[in-house]
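Here's the structure, in C-alpha cells; my notes come after.
The values are calculated or read from the model by the stated rules, or taken from the named source; none is laboratory data. This is a predicted model, so every value here is computed, not measured. Glycine gets a Cβ as well: all are built from the backbone with ideal geometry, and neighbour counts include every protein chain shown. Surface accessibility is based on the protein's heavy atoms, side chains included, excluding ligands, DNA and RNA. Shrake-Rupley method; radii C 1.70, N 1.55, O 1.52, S 1.80 Å.
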Amino acid sequence: MPVAGVAPAPLPAAQALERLREGNRRFYQNVRSLDVASGQAARAALVAGQNPFAIILSCSDSRVPAGMVFDQGLGDLFVIRVAGNVVAPSLVGSVEYAAATFGTRLAVVMGHSGCGAIKSTLDFIQNDVDAPSENIHDLLERCRPAVESVVEVAGPGADKERLLRAAVRANVRQSCAHLRHGSRLLERLILEEGMWIVGAEYSLETGQVDFFEGHEHHRILGEPAGVPVV
C-alpha cells in the first residue's frame with residue numbers, strides 16, 4: 001500500500017510496456033477498464049503531483065490520442081505530440097524532463113499508418129513539392145533522412161502504399177535513435193537505470209499498436225553514436 005506523501009517507485013520499463021500492450025488490447029477490442037482514473041476524484045488526487053509510468057512521443061494527428069489508444073487515465077502517460085513524431089531539442093528536453101523528474105523508465109516513439117507528415121516528406125523528396133512555411137519546411141527536413149533512405153532503397157516505380165508504410169517505420173526508428181544517442185542524460189539512464197526507448201506504429205484501420213522497435217534493437221542494428229539533434 002502506498003505511503004502518504006511518498007512517491008511510488010518507478011515502474012520498470014518491461015512492466016510499463018506490458019501495461020501499454022494490455023491497454024491497447026482493451027482499446028481495439030472495445031473494452032474499457034473500470035480502473036482507468038478519470039472524473040473529479042482522480043483530478044483531485046493528482047493536484048499535488050503526477051507519476052506517469054510511460055512517456056509517449058507521438059504524432060499530433062487528431063486520430064491518434066495516446067490516452068485513448070492505450071486505455072489510460074489521468075496521470076498515467078506523459079504525452080508529447082508533434083507532427084511526424086520528429087525529434088528536436090525541445091522534444092528531447094521534454095522526454096528528459098519526465099525521465100529525470102518522475103523516474104519514468106519507458107519512452108515510446110509512436111508513428112501511425114497514413115501519416116500526413118510522411119506523405120508530405122515523400123512529395124517533398126520525389127516531386128519537389130515544397131512546404132507552405134519555413135517551420136513546416138523544417139519539420140519535413142527532420143523527417144527527410146529516414147524517408148530518403150527508404151526511397152533510395154525502393155528505387156523508381158516503387159508501390160506508393162508500401163513506400164509510405166516503410167517510410168513511417170523508418171522515421172520512427174530515426175526518432176528512437178535520436179533519443180538514444182542525442183542526449184547524455186537518456187544515454188546514462190539507458191545504460192545505468194534500465195530505461196527503454198521503444199518504437200511503435202498505430203494502425204488507423206484496426207486500432208492496434210505494433211511495438212516493432214525494442215530497447216535492444218539499437219545494439220543489433222548498429223546505430224551510430226552521437227546522432228545530432230540540431
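Tabulated data for the structure shown
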{"quantity": "Fraction of accessible area attributable to carbon and sulfur, the range 33-159 (%, probe 1.4 Å)", "calculated": "52 percent"}
{"quantity": "Rg in Å to one decimal, and Dmax rounded to a whole Å, for the range 85-151 via C-alpha atoms", "calculated": "14.4, 44"}
{"quantity": "Amide proton proximity set for HIS112, modelled H, under 5 Å, gap of 5+", "calculated": "TYR202"}
{"quantity": "Extension reserve of the SER149-MET68 stretch, reckoned as 0.36 nm per residue once the Cα distance is removed", "calculated": "25.9 nm"}
{"quantity": "Accessible area per residue, Å², the range 66-139 with all protein chains present, probe 1.4 Å", "calculated": "40 Å²"}
{"quantity": "FRET efficiency for ALA14 and THR206, using Cβ-Cβ distance with R0 set to 25 Å, rounded to 0.05", "calculated": "0.50"}
{"quantity": "Environment charge of GLY116, counting only residues whose C-beta is closer than 13 Å and scoring Lys/Arg +1, Asp/Glu -1", "calculated": "0"}
{"quantity": "Debye equation applied to the C-alpha atoms of the range 63-208, log10 I(q)/I(0) at 0.09, 0.11 Å⁻¹", "calculated": "-0.30, -0.44"}
{"quantity": "Scattering curve values for the range 7-149, log₁₀ I(q)/I(0), Debye with Cα scatterers, q = 0.09, 0.15 Å⁻¹", "calculated": "-0.34, -0.83"}
